[in-house]
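Below: one structure, written as structure tokens.
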There are 4 protein chains.
Amino acid sequence: MTDDNVVRSLREFVAERDWAQFHSPENLAKSIAIEGGELLECFQWGSDADAERVRDELADVLTYCLLLADRLGVDPDEIVLDKLERTRGKYPVEKARGRSTKYDAL
Amino acid sequence: MTDDNVVRSLREFVAERDWAQFHSPENLAKSIAIEGGELLECFQWGSDADAERVRDELADVLTYCLLLADRLGVDPDEIVLDKLERTRGKYPVEKARGRSTKYDAL
Amino acid sequence: MTDDNVVRSLREFVAERDWAQFHSPENLAKSIAIEGGELLECFQWGSDADAERVRDELADVLTYCLLLADRLGVDPDEIVLDKLERTRGKYPVEKARGRSTKYDAL
Amino acid sequence: MTDDNVVRSLREFVAERDWAQFHSPENLAKSIAIEGGELLECFQWGSDADAERVRDELADVLTYCLLLADRLGVDPDEIVLDKLERTRGKYPVEKARGRSTKYDAL
């Protein structure tokens with residue numbers, strides 16, 4: 001994804017504003033948690049949420065995720081697929097199908 | 001991104017395990033916040049963190065973000081670029097360059 | 001703490017507004033995470049934060065914690081002291097002194 | 001609450017382990033967000049949660065809140081009551097009764 005239009009646009013946006021100085025991995029991790037809270041706020045009192053607002057807050061979480069992946073020099077798609085392989089092992093279909101139980105209690 | 005290998009793999013993984021029933025937008029938003037907390041935990045007492053663990057937790061946040069985007073029927077790349085355009089307006093380069101100040105205090 | 005002035009004031013505040021209907025344990029847990037994100041936002045780009053704003057956001061997290069404790073019928077002081085006893089065992093002084101290492105790696 | 005048994009016990013626990021060095025306001029704010037995520041995890045896939053686990057995680061959030069209040073030199077009860085007064089003004093009973101609407105949309 002390092003040649004992807006999205007990552008290029010983000011890098012350009014950050015460079016224009018000389019913001020890389022604030023984008024330590026720690027600050028980006030804090031930002032992901034902060035935006036995750038704002039996304040959750042769409043559902044604070046119930047399961048119905050304004051679609052546009054959810055899309056907006058999700059975009060913020062994703063943005064910081066992509067910035068962190070870039071800062072760490074990893075490909076977002078690659079780490080997701082890599083983690084998926086390991087999760088496959090923790091949740092074999094025959095045990096996990098139809099159940100939300102955590103792997104250590106399967 | 002709806003034809004992307006990553007989203008296809010995630011959909012297949014979820015379908016095999018009959019897990020879509022648990023993936024309401026609200027539950028996915030909660031999951032993003034939860035994983036965001038685990039990512040943040042890598043930096044709980046300082047800015048040095050184990051690179052592998054950070055990559056792992058970031059993958060979890062991204063995974064739930066992609067699942068939520070898919071559930072909402074939106075393209076992750078599209079909503080990030082769309083939000084970036086609006087953020088451009090809130091942080092004009094001449095005012096925001098080199099500053100971490102929030103837009104309403106610029 | 002169930003006779004404490006703070007809890008009484010909170011109960012009265014909620015009752016006047018007929019808000020108990022929204023205060024399921026789940027909604028209160030979501031609220032704590034949301035306010036935790038707002039508190040963290042005070043430190044998003046660095047360790048210096050506006051003291052008044054931190055106090056304000058901390059008050060919000062505490063408020064929802066007290067509401068949840070009350071909803072669960074537990075005494076906040078009691079559960080904190082109870083947990084502290086168990087934490088004593090996980091972090092014996094001779095092993096844990098001066099170290100931020102998590103108990104499972106001591 | 002600065003003379004309360006709970007705060008005294010926490011201070012003693014921290015001093016014995018020489019942990020105050022890790023308890024900067026920022027690290028404590030991160031800890032509150034982290035524990036808030038663990039509390040939320042009790043409700044990740046639904047509204048039913050194990051009572052003991054919720055109590056345990058709530059105790060962790062409260063513990064860090066009390067440590068932060070102590071570090072800032074504020075009384076938890078006082079800042080909660082103080083914030084409640086301001087919230088009264090934002091949510092007058094006649095407008096807010098029975099509604100979960102945020103104050104800026106009342």
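The numbers here are math on the coordinates, done by the rules we state, and not lab data. From a predicted model like this one, the values you see are computed outputs, not experimental measurements. Every residue, glycine as well, gets a Cβ built from its backbone with ideal geometry; the counts of neighbours run over all protein chains shown.
Assorted remarks:
- If only the Cβ of Lys and Arg carry +1 and only the Cβ of Asp and Glu carry -1, the dipole of the protein assembly as shown around its Cα centre is close to 0 debye.
- Averaging the sequence gap over all C-alpha pairs within less than 8 Å and six or more residues apart, then dividing by the number of residues, gives chain C a relative contact order of 30 percent.
- Within the shell defined by Cβ-Cβ distances under 9 Å, the residues around residue A:60 carry a net charge of -3, with Lys and Arg each +1 and Asp and Glu each -1.
- The rotation axis that maps chain A onto chain C passes nearest to the beta carbon of this chain A residue, listed with its distance in whole angstrom: A:37, 1.
- Ordered by the number of other Cβ atoms lying within 10 Å of each residue's own Cβ, fewest first, D:87, C:101, B:63 fall into the sequence C:101, D:87, B:63.
- Relative to the longest principal axis of the Cα atoms of chain B, the long axis of helix B:51-72 makes an angle of roughly 80 degrees.
- The residue among A:61, A:23, A:92 whose Cα reaches farthest toward the positive pole of the charge dipole of the range A:5-106, with charges on the beta-carbon of Lys, Arg, Asp and Glu, is A:92.
- Mean ellipticity per residue at 222 nm, deg cm²/dmol - from DSSP H runs of n ≥ 4 across chain C, formula -39500 (n - 2.57): -21500 deg cm²/dmol
- Distances between every pair of Cα atoms in the protein assembly as shown, grouped in 20 Å steps from 0 to the bin holding the largest one, split as 25, 58, 17, 0 percent.
- Neighbour-count ranking [beta-carbon atoms within 10 angstrom, fewest first] of A:90, D:30: A:90, D:30
- Computed from the Cα positions only, the extents of chain D along the three principal axes stand at 51, 35, 24 Å, in decreasing order.
- Ordered by the count of other Cβ atoms within 10 Å of each Cβ, fewest first, D:79, B:32 give D:79, B:32.
- Chain A - charge dipole about Cα centre, Lys and Arg +1 at Cβ, Asp and Glu -1, debye rounded to 20: 720 debye
- Spin-label model distance (nm) - residue A:75 vs residue A:5, 7 Å beyond Cα toward Cβ: 2.0 nm
- Label distances, nm, residue C:104 versus same residue in remaining copies, Cβ-directed 7 Å point: 0.4, 4.0, 4.0
- With the charge dipole of chain A set up from +1 on Lys and Arg Cβ and -1 on Asp and Glu Cβ about the Cα centre, the Cα lying farthest toward the positive end among the listed residues A:74, A:7, A:105 is that of A:105.
- The same position residue C:93 in the other copies lies at 5.2, 5.7, 6.0 nm from this copy, comparing label points 7 Å beyond Cα toward the beta-carbon, shortest first.
- Hits among lysines - C-alpha to C-alpha of residue B:90 under 25 Å, sequence gap 8 or more where chains match: A:30, B:102, D:102
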